[in-house]
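> Please read through the structure below; I'll follow up with questions.
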Amino acid sequence: MRLARFLGPPAKPGVRLSPHRALHKPQTGTFASPDGGVLGYVVEGQARILSTPRERVTLRVPAHAAFARVPLYTAVLGDDAESLRAIAAGADGLVVAAMGAGHVPACYLDTLTELAGRIPVVLASRTGSGPVLTATYSFPGSERDLLARGLLHAGFLHPYKARILLTALVTAGASTAEIKDTFATAGGVNA
């Protein structure tokens with residue numbers, strides 16, 4: 001019942017308990033849980049929890065640390081990778097919001113391979129729900145190709161969340177192995 005207390009009092013019986021996020025601000029049905037569904041229900045005044053949150057990821061960042069420079073780059077068709085090269089110049093890490101299941105245009109490959117050799121580059125899906133795949137497609141620029149080039153898997157994490165996590169990890173001085181393990185936990189890859 002500690003989880004039910006943490007979630008707060010339900011508004012009325014029959015309410016669904018969900019880890020919501022806003023999808024469309026002006027609409028009354030704006031909140032949804034695209035990847036998780038409901039956590040539980042209120043039945044006869046009692047919270048009935050069906051699923052519980054996974055392990056939390058916590059980090060210690062030095063109090064006066066300057067935040068690492070970690071840009072977020074969104075992959076789009078028709079891009080020539082010049083913007084990618086410009087935004088990644090001098091970066092301490094990079095999150096790529098890839099198309100679909102984790103795909104980018106082939107013209108990104110040389111730049112992403114070079115970047116992944118010197119800074120952590122995290123591959124997330126820009127779709128809003130669902131994970132980056134790991135072994136479905138194998139064309140140049142596919143998730144399998146990018147992961148083989150050293151990009152790190154964000155799992156179910158939205159690119160915005162992946163950027164916050166990568167910024168904190170790099171600022172805290174995490175190693176590449178620690179970054180990979182943390183993303184596996186936070187992104188639900190090991191779930």
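> How far is it, in nm, from the label point at Val38 to the one at Tyr160 when both lie 7 Å from their Cα along the line to the Cβ?
Distance between label points: 2.6 nm.
> Still on this structure: I need the peptides 155-165, 84-94 ranked by packing, meaning the mean over residues of other C-beta atoms within 10 angstrom, with the highest value on top.
Those peptides, ordered most packed to least, come out 155-165, 84-94.
> Continuing with this model, one more query. How long is the gain from Ala86 to Thr58 if the chain were fully straight, where each residue apart is worth 0.36 nm and the alpha carbon distance is subtracted?
6.9 nm
> For the range 110-151, take the alpha-carbon Rg, divide it by the Kirkwood Rh, and send me Rg/Rh.
Taking Rh as the inverse mean 1/r over Cα pairs, Rg/Rh reads 0.97.
> While we're looking at this one, here's another question. Kindly state, to the nearest 0.05, the FRET efficiency for Ala66 paired with Ala135, given R0 = 35 Å and r defined as their beta-carbon distance.
0.40
> Using every alpha carbon pair in the range 72-186, what percent of pairs falls into each 5 Å bin from 0 up to the bin containing the largest distance?
Computed distribution, short to long bins: 2, 14, 26, 28, 21, 9, 2, 0.
> In whole Hz, with x marking every Gly and Pro, tabulate ³J(HN,Hα) for the range 168-178 from phi via Karplus 6.51 cos²θ - 1.76 cosθ + 1.60, θ = phi - 60°.
5, 5, 5, 4, 6, x, 5, 6, 4, 5, 5
Coordinate-derived values only; no laboratory data. This one's a predicted model, so the numbers in the text were calculated from it and none came from an experiment. So basically every Cβ, Gly included, is an ideal-geometry build from the backbone, and we count neighbours across all protein chains shown.
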